[in-house]
1. Take A:Asp11 and B:Arg154, extend 7 Å from each Cα along the Cα→Cβ direction, and tell me the distance between the two endpoints in nm.
2. Cross-link partners among aspartates and glutamates for B:Lys338, C-alpha distance below 20 Å, same-chain residues fewer than 8 apart left out?
3. Heavy-atom accessible surface, probe 1.4 Å, ligands and DNA/RNA ignored: which residues of segment B:48-91 lose at least 40 Å² versus the isolated chain?
4. Which lysines does B:Lys157 reach when only Cα atoms under 29 Å apart count, and residues fewer than 8 places away in its own chain are ignored?
5. Output wanted: per-residue J couplings in Hz (rounded whole) for segment B:50-58, from phi through Karplus 6.51 cos²θ - 1.76 cosθ + 1.60, θ = phi - 60°, x for Gly and Pro.
6. Taking the Cα centre of the protein assembly as shown as the origin, how large is its charge dipole in debye, to the nearest 20, when only Lys and Arg (+1) and Asp and Glu (-1) carry charge on their Cβ atoms?
7. At 1.4 Å probe size, with no ligands or nucleic acids counted, give the accessible surface of B:Ser23 in Å², nearest ten.
8. Probe 1.4 Å, all protein chains in place: accessible area of B:Tyr301 in Å², nearest 10?
Amino acid sequence: MARVTFTPVLDRHLDVATTSAAGATVREVLDSVFAANPRLRRYVLEDHGGLRKHVQIFVNGEMVADRRQLGDAVTGSDDVYVMQALSGG
Amino acid sequence: MSDRLLVGTRKGLFVYDRNGGWSITGRHFVGDPCNLVLHDPRDGAIYAVLSLGHFGVHIHRSDDGGLTWTEVGAPTYPEGGEESLKDIWALEAGGDDQPGRLWAGTLPGGLFLSDDRGETWRLVESLWNEPERQRWFGGGADVPGIHSVVVDPRDSKKVGVAVSCGGYWRSEDDGATWTVSSEGMYAEFMPPEGRNDPAIQDPHHVEACATHPDVLWCQHHNGAFRSVDGGLTWAEIHPQPSKFGFPVAAHPTDPDTAWFVPAVKDECRVPVDGKVVVARTRDGGATFDVLRNGLPQQDAYDLVFRHALHVDETGDRLAFGSTTGSLWLSEDGGDGWKTLSKHLPPVYAVRFVR
């Protein structure tokens, strides 16, 4: 299970406690999180399913490359961070 | 008269109540941009549209006058497509015979409706798939935006929407089919051959007289227009001291009265001569009074956005707010104004609780 942490900036809008989630890609991990917290999806993803322009995701400190399909690989104990990009503000 | 005023701003939603004098009694979503606010007179609900820069556009509803809020759904473009909700520029209640119906006008040009008080939304595909829509373009944004939704109180199936830049569109069958309806408008921003093209006009805001819904008022990018036939045709009118601006407020019962807040022109969006004024007509647009009593008349550079002017159900009480955080209120149809604040964040939306 990957460990998924969200920017604390989201705390003011909804519950985003750090959680463990299964999945072999960023997409699968996020889908696992959204299954338990459906409202969170629209805060992170655009309607078409890609990552919002001003949101960044890091896996073990590396920024994900595939922002549209979210196909970057995730393995067992990876740390996934969903962050607010400074580009948006 | 309405004793409560909702003010959506760049940094939150503020509620003013009239208890002797007007003062802020509610502060909600402080720090977050509140683009739009709607009070639904059918059930008393208040809706706030939050346009969070990083995290998308979200709608919250309160069923207890603002004490508590619940996030509801939001218009969502089809997954797997190319489009995504960029903003909501219009949020209006449906007719009295359509409980739970809300209309939302969005960027990039989609009209959405909800029949469950905002919990779920669906794209009005008839308008989205209209071939003429391909000729719409952005006005004030990179993509087209639907900013005005007008529901006919006599027949809720008659709906009009105004688009920057896409003209005015009417449906008489609850959104199943649409007809562009901008005859009489003209576009100075187009080459001569496209000047009268109905599907590229830039209405900035459209409102109807509630008791005479065939009378519509439009502040357009390069002029103001009035319709007396439900939006079939439009005739130019001439607010003073200038014809550019964003908002218009239609008197709720007098079809000859409306208010505008002019600015110099497209490329100079400030009040004429640094003086904030309201232009009011009481004769169907034939003449205009320039109202300035109580408004700043020197070095004022306030711009008033399209949803930032509102009139209450009597037509006597009006309020408007500006990009520089001023908020003014009149109790006498605009003859005199009092300043409620000079220090709000930039004001996006002003609504009386009717």
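The values are calculated or read from the model by the stated rules, or taken from the named source; none is laboratory data. Predicted model, so just to flag it, every value in this text is computed and none were measured. When we count neighbours, we look across all protein chains shown, and the Cβ atoms used for this are built from the backbone with ideal geometry, even at glycine. Note: areas computed on protein heavy atoms with side chains; ligands, DNA, RNA excluded. Shrake-Rupley method; radii C 1.70, N 1.55, O 1.52, S 1.80 Å.
1. The answer from the label model is 5.7 nm.
2. Excluding near neighbours in sequence, the set is B:Asp3, B:Asp17, B:Asp289, B:Asp299, B:Asp302, B:Asp312, B:Glu313, B:Asp316.
3. So the qualifying set is B:His54, B:Phe55, B:His58, B:Glu71, B:Glu79, B:Ser84.
4. B:Lys86
5. 9, 9, 7, x, 7, 10, x, 9, 9
6. Details: 42 positive and 62 negative charges, 227 e Å.
The dipole magnitude comes to about 1100 debye.
7. Accessible surface of B:Ser23 is approximately 50 Å².
8. Solvent-accessible area, nearest 10 Å²: 120 Å².
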